[in-house]
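For reference, the structure is listed below as C-alpha cells.
The values are calculated or read from the model by the stated rules, or taken from the named source; none is laboratory data. The shown structure was predicted, so the numbers you read here are calculated from the model rather than taken from an experiment. Methodologically, a virtual Cβ is constructed for each residue, glycine included, from the backbone with ideal geometry; neighbour enumeration extends over all protein chains shown.
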Amino acid sequence: MNTPLPDYYFRIRDNGALVFRIDSENRNRRIEMDQIAVVNLRKGEVKPHGEHRLSPADQEAIATWMRERSALLAAREVDDILRTVDHLNLTTQWAQSRASDAELDQVTEALLMAMHDLRNTLVRRKADRLGRET
C-alpha cells in the first residue's frame, strides 16, 4: 500500500523551517523537492525563496504549519519545565541521600543562585498577575 506524499515538506531549523514543494509526478518518477520559502517562526516571517511567488495554497499550507509548529513548541516548552520540576525533586533526593560532601561543594552555589533567581522571578510574576486581577 503506497501512502501518497504530502504536497509540502518543512525542513526544521532554528526558529523556523525551509519549505519545499514536493513533486513526484515527473517523467523520471523521482521525488523532487523545490524550495519555495523560508519561515522564521520567532518573527512570524515567510520569505519566498529566490524568484518564487507563493500561491494561496502555498500560503495556507505554510500558515497552517506555523500555527501547528508554534503550538507544538509551546507544549514542549511546558513539558520541559515540568521535567525540570521532576529533576529538582530528584536533585533534592540525591542531595539528601547520596551526595558526598565534595559533590555538594561542587554544585551548591550554582544551585542556590539558580533557585534564588527562579524564585524571585516566579514571585514577581505572580504578584503582577494578582495585581492585574484586582
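Taking residue 69 as the residue in question, decide whether it is at negative phi, in a helix (DSSP H, G or I), charged (D, E, K, R) and out of contact with any Asp or Glu (no Cβ under 7 Å at 6 or more places or on another chain). Explain how you work it out, then say what you get.
On the way: at negative phi: yes; in a helix (DSSP H, G or I): yes; charged (D, E, K, R): yes; out of contact with any Asp or Glu (no Cβ under 7 Å at 6 or more places or on another chain): yes.
Answer is yes for this residue.
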Practice task
Please list, ordered by first then second residue, the pairs with beta carbon atoms under 9 Å, 6 or more apart or interchain, first in the stretch 96-124 and part of a helix (DSSP H, G or I), second at pLDDT 95 or above and among the hydroxyl-bearing types (Ser, Thr, Tyr).
Solution key: 107/91; 111/91
Practice task
Just one of (1) surrounded by 11 or more Cβ atoms within 10 Å (Cβ to Cβ); (2) over 16 Å from residue 12 (Cα atoms) trips up residue 80, so point out which.
Solution key: (1)
Handout entry: Residues that are within 19 Å of the chain's Cα centre (by Cα) and not aliphatic (A, V, I, L, M), drawn from the stretch 36-75
Key = 40, 42, 43, 44, 45, 64, 65, 67, 68, 69, 70
Completion exercise
Expected single match for closer than 22 Å to residue 15 by Cα and surrounded by 10 or more Cβ atoms within 10 Å (Cβ to Cβ) among 71, 99 is 71
Problem - Criterion: modelled with pLDDT of 95 or more and in contact with a Leu (Cβ under 7 Å, 6 or more places away or on another chain) - qualifying residue of 76, 69 - result: 69
